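To start, the structure under review is shown below, and the notes come after it.
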Amino acid sequence: MKKVILSLAVIAAIGFTSCKNDAKSETETTTTEMSKDMAMTDTSFGVRGNCGMCKTTIEKAVNGVEGVANANWDVDKKKIDVSFDDTKTNEMAIHNAIAASGYDTEKVAGDLSAYDELPGCCKYDHEMEMNQTAPKESEGNSEENH
């Protein structure tokens, strides 16, 4: 009889211990996820380019940087919006990745050998405006009306 009671006590102790560890593990996971959300930084800056192929190349370069969560380059505004984990990377690393793919940013000139390898439609004017608030066409229409 003593062996049966002792066996039941050991089984109950193991059961309580494993439930306690599961609850603790879930709490740790939740805390980690909240910390990741708090470390995210959003930034926007100008990037020169022309077309949808430019968009693909620029976004691929940015998404290749460790810590980048999201990148979206606006073809009309010549502006990229990026969300990244500032504990893993910084804005200059993103500028440098874009420049390495051949595109100019507001802070870093594009790599000329990479630029030379771009398709013809992607050969942008190195003097074009970046980070525009409105497409050029609307500005042109307002001048014609005056």
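The values are calculated or read from the model by the stated rules, or taken from the named source; none is laboratory data. Note that the coordinates shown come from a computational prediction; the quantities given were computed from them, not determined experimentally. Positions of Cβ are backbone-derived with ideal geometry, glycine not excepted, and every protein chain shown enters the neighbour counts.
Scanning the stretch 70-87 for residues that are under 11 Å from the mean Cα position of the chain (by Cα) and either over 14 Å from ARG48 (Cα atoms) or of a type in the set (Asp, Glu) (or both) turns up ASN70, ALA71, ASP81, VAL82, SER83, PHE84, ASP85, ASP86. Taking the criterion of being under 17 Å from GLY52 (Cα atoms) and in contact (Cβ under 8 Å) with a residue 40 or more places away in the chain, the residues of the stretch 106-127 that qualify are LEU118, PRO119, CYS121, CYS122, LYS123, TYR124, ASP125. Note on the stretch 44-98: residues that are under 20 Å from GLU127 (Cα atoms), β-branched (Val, Ile, Thr) and in a strand (DSSP E or B) amount to 2.
Condition check: in the same structural domain as GLY49 (by TED's automatic domain parsing), under 13 Å from GLY46 (Cβ atoms) and modelled with pLDDT of 95 or more. Does TYR103 satisfy that? Yes: the conditions hold for TYR103.
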